[in-house]
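Inspection log for the structure reproduced underneath, given as structure tokens.
The values are calculated or read from the model by the stated rules, or taken from the named source; none is laboratory data. If you're wondering where the values come from, they're calculated on a predicted model, not measured in any experiment. Neighbour counts run over all protein chains shown; Cβ positions are idealised from the backbone, glycine included. Surface accessibility is based on the protein's heavy atoms, side chains included, excluding ligands, DNA and RNA. Shrake-Rupley method; radii C 1.70, N 1.55, O 1.52, S 1.80 Å.
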Amino acid sequence: KRKEKEQQERLKLQEEARIQEELAEKQRLKEMEEIRLQKEQEEKQKLLEEARIQEALAEKQKLEEMEEKRKEKEQEEKLKLQEEARIQEVAEKQRLQEIEERRLQKKQQAKQQLLEEARRFSIKAEQTARSLLTYRLELDTRIKERNLKSESSVPFFVGENQDKDITSTGEGIVADEKVIVDEALEQNGAISDPEINIDDGAVVAESPVQLDMGSFVIPHPDKVSFGGEDAVFVKGSTFGVFDGVTGAEKLEGMPLYSKTMKAEMESRIGEKGLTIDEITDIMTTAAEIADSDATGATTAIVASITDDGYLQALNLGDSMCCVIRDNEVVARSENIVHFFNCPYQLCEYGEDRPVHGTKMDVPILRGDVIIMGSDGLFDNISEKKICKEIHDLKHETSEFISEYLAYMAQEISFDEEAVTPNALEWRKNGIPNCVGGKLDDISCIVIQCS
């Protein structure tokens, strides 16, 4: 029994040992399998990592190739742009060289032309001076002869009786000229302008005023080739001056604003006198056309003598219209400026319009002389001097007087020592001891009323 028990114990131990061995083997196999799976996983991860690296390397290489191609393309474009810039630079240099050559050529031509014009103007100024002296001597002689022959002055008449003879019995209307003036004023209305004086001997005419009209323009020495920038017109009972602004920008190939205004105004008026409202409307229409069809800028003054014997004027800028009566200025238009030496002016982009202009409404008497001109006239000749010349030239035609005054203004404009109205204005505005004439376009219109 003991041996059987020992045998059982031994078998039991053997069985346990076998089981332990089997368990150990299973554990070993399990561990081996785990190691194998781990290795496989590691191998798989390694392969994935290598594939990722290869993919990254391929992507990197692809990007590098794309970057290289981009750089090559940029380099090609840069070289292309550099070549184009070089070609453009060469072309620009050639263009500038051509422009400079043309400029030098034009400058040389302008210089030659200026020298020629200066020579001509020098001759003309000398001739003008001699002509003025000759005119003065002739006028003095004629005035002396007329004064010797004149025994009495011939009075004026009014209305239908003006052609009747004067007799010692009082036939006809004469006697008291002051009474005639008073009657005429009652018929035509009182004069409201305090600056207008009607002296004894002046008579307002009931019948239409007869006008002797004349005009003359002298261009600036630098603008002779194209006739200057001033433009004037005289038509029927209406007349005007348009003074082109030298400093205004101008486009080549387009007509000047001043010339266009003159043409448009002249085409829209007739022989009949115009009121200020009519002048304003016509000037506004003309300015709208000039805005689109012309270049530059201009001041404007237009006046008209109405059928009832009134001078009505519209002024935008620094040109002037004045009435001379009994050797003195009794009425003048008012200049309108933004500031000194910057007058109101019409142009495409400006805000100044005819409606902003100053107005003038003056009764005209027989014997009155109306002077209208650009600043080239009034900046060189004083009103007192003009009045004296008008008195001395009272038996000449308006055409002759306008030319005479224009050439006188031109002669003074060449004088660097003359004390002119323009020089006096500059003295008032901060240039002390300023002297000398003002070179400019010179326009002059003269109307003698009879």
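Table for the structure above
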item	result
Qualifying residue in the stretch 239-258 (condition: part of a helix (DSSP H, G or I), among the hydroxyl-bearing types (Ser, Thr, Tyr) and out of contact with any Gly (no Cβ under 9 Å at 6 or more places or on another chain))	no
Identity of the residue in the stretch 378-401, in contact with an Asp or Glu (Cβ under 9 Å, 6 or more places away or on another chain) and of a type in the set (A, V, I, L, M), that ends up nearest to residue 315 (Cα to Cα)	381
Of residues in the stretch 284-303 being surrounded by fewer than 24 Cβ atoms within 10 Å (Cβ to Cβ) and within 17 Å of the chain's Cα centre (by Cα), the one nearest to residue 320 (Cα to Cα)	284
Answer from 254, 261 - the residue that is closer than 16 Å to residue 314 by Cα and either buried (at least 22 other Cβ atoms within 10 Å of the Cβ) or out of contact with any helix residue (DSSP H, G or I) (no Cβ under 6 Å at 6 or more places or on another chain) (or both)	261
Every pair of residues 6+ apart whose Cβ atoms lie under 7 Å, when the first sits in the stretch 430-447 and is in a loop (DSSP other than H, G, I, E, B) while the second is polar (S, T, N, Q) and open to solvent by 20 Å² or more (accessible area, probe 1.4 Å)	438/422
Which numbered condition residue 15 fails, given (1) open to solvent by 100 Å² or more (accessible area, probe 1.4 Å); (2) charged (D, E, K, R); (3) over 60 Å from the mean Cα position of the chain (by Cα)	(1)
Number of the condition not met by residue 237 [criteria: (1) in contact with a Lys or Arg (Cβ under 9 Å, 6 or more places away or on another chain); (2) crowded, with 24+ Cβ neighbours inside 10 Å; (3) over 18 Å from residue 353 (Cβ atoms); (4) small (Gly, Ala, Ser)]	(2)
Residues that are of a type in the set (D, E, K, R) and within 35 Å of the chain's Cα centre (by Cα), drawn from the stretch 384-406	384, 385, 389, 399, 403
Among the residues listed as 403, 389, 396, 351, the single one being assigned to a loop (DSSP other than H, G, I, E, B), more than 23 Å from residue 257 (Cβ to Cβ) and either of a type in the set (Asp, Glu) or in contact with a His (Cβ under 8 Å, 6 or more places away or on another chain) (or both)	396
Condition check for residue 360: closer than 19 Å to residue 231 by Cα and open to solvent by less than 60 Å² (accessible area, probe 1.4 Å)	no
Inter-residue pairs, beta-carbon under 8 Å, first within 22 Å of residue 309 (Cβ to Cβ) and in the stretch 323-342, second among the basic types (Lys, Arg), 6+ apart	323/332; 327/388
Test: residue in the stretch 19-34 that is within 30 Å of residue 411 (Cα to Cα) and in a helix (DSSP H, G or I)	no
Filter result for residue 373 (crowded, with 24+ Cβ neighbours inside 10 Å and touching a residue at least 24 places away in the same chain (Cβ under 8 Å))	yes
Members of the stretch 214-245 that are within 19 Å of the chain's Cα centre (by Cα) and either without any contact (Cβ under 8 Å) to a residue 24 or more places away in the chain or more than 20 Å from residue 344 (Cβ to Cβ) (or both)	219, 220, 222, 223, 226, 227, 228
Meets criteria (more than 16 Å from residue 443 (Cα to Cα) and either among the hydrophobic types (A, V, I, L, M, F, W, C) or surrounded by fewer than 23 Cβ atoms within 10 Å (Cβ to Cβ) (or both)) for residue 270	yes
Residue 415 being within 20 Å of residue 311 (Cα to Cα) and either assigned to a strand (DSSP E or B) or acidic (Asp, Glu) (or both)	no
Count of residues meeting criterion [open to solvent by 30 Å² or more (accessible area, probe 1.4 Å) and either in contact with a strand residue (DSSP E or B) (Cβ under 6 Å, 6 or more places away or on another chain) or charged (D, E, K, R) (or both)] in the stretch 210-228	7
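The rows are residues; the columns are (1) assigned to a helix (DSSP H, G or I); (2) over 60 Å from the mean Cα position of the chain (by Cα); (3) of a type outside the set (Val, Ile, Thr); (4) at pLDDT 85 or above.
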| site | (1), (2), (3), (4) |
| --- | --- |
| 37 | yes, yes, yes, yes |
| 52 | yes, yes, yes, yes |
| 63 | yes, yes, yes, yes |
| 75 | yes, no, yes, yes |
| 90 | yes, no, no, yes |
| 96 | yes, no, yes, no |
